1. Under 18 Å Cα to Cα from K123, which lysines show up? Leave out anything in the same chain fewer than 8 places away.
2. Let me have the 222 nm mean residue ellipticity of the chain computed from DSSP H runs of 4+ only, each contributing -39500 (n - 2.57), with the sum over all residues rounded to the nearest 500.
3. With contacts defined as alpha carbon pairs under 8 Å and 6 or more residues apart, what's the relative contact order of segment 298-432 in percent?
4. If a/c stays under 1.5 just call it rounded; otherwise compare a/b with b/c (prolate if a/b is bigger, oblate if not). Do that for segment 396-491, with a ≥ b ≥ c from the square roots of the Cα gyration tensor eigenvalues.
5. Semi-axes, largest first, in whole Å: what does sqrt of 5 times each Cα gyration tensor eigenvalue give for segment 262-418?
6. When we measure straight from the Cα of K334, which lysines land under 26 angstrom away, once same-chain ones fewer than 8 places off are left out?
7. Which of G59, V235, W492 sits closest to the plus end of the dipole of the chain, meaning its Cα is farthest towards the positive end, when Lys and Arg get +1 and Asp and Glu get -1 on the C-beta?
8. Please arrange H369, H161 by counting, for each residue, the other beta carbons lying within 10 Å of its beta carbon, fewest first.
Amino acid sequence: MALTETASAPANPKVGRTADPCVMVIFGVTGDLTRRKLIPALYNLASQHLLSREFAVVGIGRNPMTTEEARQKLSEDFKQFATGPVDPDLWEWFSRRLHYLPGNFDDPKIYNQLKETLEKVEKDHGTHGNVFFYLATAPDYFCDIVRSLANVGLMKEENGHWRRVIIEKPFGHDLDSARALNQHLLKVVSENQIYRIDHYLGKETVQNILAFRFANGIFEPIWNRRYIDNVQISVAETVGVEKRGDYYDKAGALRDMVPNHIMQLITLTAMEPPISFEANAVRDEQAKILHAIQPFSSEDVLSKTIRGQYGEGTVDGQRVPAYRAEPGVPPDSKTETFVAMKLLIDNWRWAGVPFFLRTGKRLPSRSTHIVIEFRRAPFVLFRETQVDDLTPNQLIMHIQPEEGISLRFAAKTPGPAMRLGEVDMDFNYADYFGQTPSTGYERLLHDCMIGDPTLFQRADMVEAGWSIVTPMLDVWKALPPRNFPNYPAGKWGPKEADELLERDGRSWRNIEK
Ligand code: BG6
C-alpha cells in the first residue's frame, strides 16, 4: 500500500470521520502508557484512515535524546506492543511525524521551548494550530503543567484553532482534593478544553451497554424495579499490585476502581434514555444517577460495605505472595485490595433494587461483568413436579476478557419427567465482528481530536463519584481493619462479601459455573 494513499485516503463512512489536523503533545512520552497504548492506538487510527494526514506528535520526556533516537526507541517498542499486523510504509509515515523535546515539566523554560517546537512542527506538518496535550504524568503535575501551558499562551483558542488537555485518573483522592483540582484547572482553562479519560469508556463492551439498552425494543420495558430483582457488577482481577505498590498502597481498591470505572458501569446500566447522543445529554443522565445513589451514613458504611486484603495464596496454579509482601507495600499495610458493597439508587426506576458491587486483586479469575438478575417466576405450577426451585433469569453483559452478552434461563431437560436445567443463550463479539486490533484508547483519542467529549468525565461527575465514596473512606480511616489479611490470594474475597448478599437471600453469580 502506498504510504501517501493510506494517509490521505478519504474517511471511511462506516468507521467515522477523519480527525482534525493537529499536534498531540505527550508529557511523559518515555513512560509505559505511551509505548503500550498511545502509540499503538495512534497507529491503529492511522491504519483505519481516522488520523488526519496533517498530524504530528511532540513527546516531552526527561531522557536526554534526539528526535531520531526517540523515533528509534518508539519503533522498537512498537514492534512489541502493536495490536495487529504492521504496515511498514504506514509506520514509516507515522514515525516521521514523531518529535522529541527533552526536559523537566517543572522547568519553566521547557514551555517556551515547546512553543517554538510547536511553531516549527505546525509549519512542517500543516496542523492548523490545533493542539492537544496528553498528560501521561503523575497526577501531582497536572495543575502545574496546565498552568505553565496557559502562562505561555499555549492554551489560548484563537483564530478558529482549538487547544485541549487530556488527563487520566486519579482526579484527586477524595471529594475535597477532586474539587481543588477542578478549581485549579478551571482557573486557567475552560471545562470544554478538559478531557478527563476513564479508560473503561474506551472499551467496546462498555460503549455497547447504551447500544444494547436503547437500540433494542425488548429490553427497556423490563429494565426497572418491576422486573429486575438486583444488579451485580464484578470487576475481578487475578493480578496483584504488580510494580505499583507505592501508588496502590495510598489509594486502595475503593479509590482505584469505584468512583471511576465502576461508577461508569453503574451509570450506563442505570441511566434514563438521554434525549440525544449529544455529549451533555448523555452525561446529564449519567450525572443524575450519581446524584440519585443513596448517600452512605456511617452505619451504612459498617453494614453495607466490605473490605479485604489478600494474604498469600495460589492464583492460576502459581503460589503468590501476600499483599503486604509486595514491593513498595509496608509489612503492616491496612490498605484494602478488595471491596464489595450494596448500594441503592433513589429514583423511580430503581427504588428498592440493590446494586451489589465487588472488585479486587488476586481473585480466582479475571472477569468484568454486569449481571441483571430478574425476579423469579411464581413457583405454583411446579409444586407437583420434581423441580425444587426456580432460578432467576440472568442477563449478563460480559465486559472482559469475555466480550459479549448472555441470557440464562431454564429449559426442560429431555425425558419423561418435568425437570429443569439452566441454559445460556450467548452472543460473543468475536463470532460476529471478528477481532478488531485495539488498545482501548483509539476511540478516546479520536473523540478528543474531533471535539466529542461524550465519553469523558465532566468536573461535576468526578465530584459526584467522590461524594459517594468519601463517607466510606472516612469511616474506614477512623476504624482501621484489625483482621487483614482476610482472604487468601485466589479466593473470592472475604466471606463477608458473600454474607452481604446472603443476608438478602441472594448470591453472587458463580463465575466458574
Ligand atoms: C486502573 C487501575 O485504572 O484499572 C488498576 O489503577 C486496574 O489497578 C486497571 O488494574 C484495570 O483496568 P482493566 O482495563 O485491565 O480492567
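Here, each number is a calculation from the coordinates, and none is a lab measurement. These numbers come from a predicted model, not from an experiment. Note that each Cβ is placed from the backbone with ideal geometry, even for glycine, and that neighbours are counted across all protein chains shown.
1. K115
2. Values: 16 runs with 174 residues, N = 513.
Estimated from H runs of four or more residues: -10000 deg cm²/dmol.
3. Here the relative contact order equals 15 percent.
4. It comes out oblate by the Cα gyration axes.
5. Whole-Å semi-axes of the equivalent ellipsoid: 33, 27, 17.
6. In chain and number order, the partners are K169, K243, K250, K304, K342, K361, K477, K491, K495.
7. W492
8. Values: H369 22, H161 16.
Sorted ascending by nearby Cβ count, the order is H161, H369.
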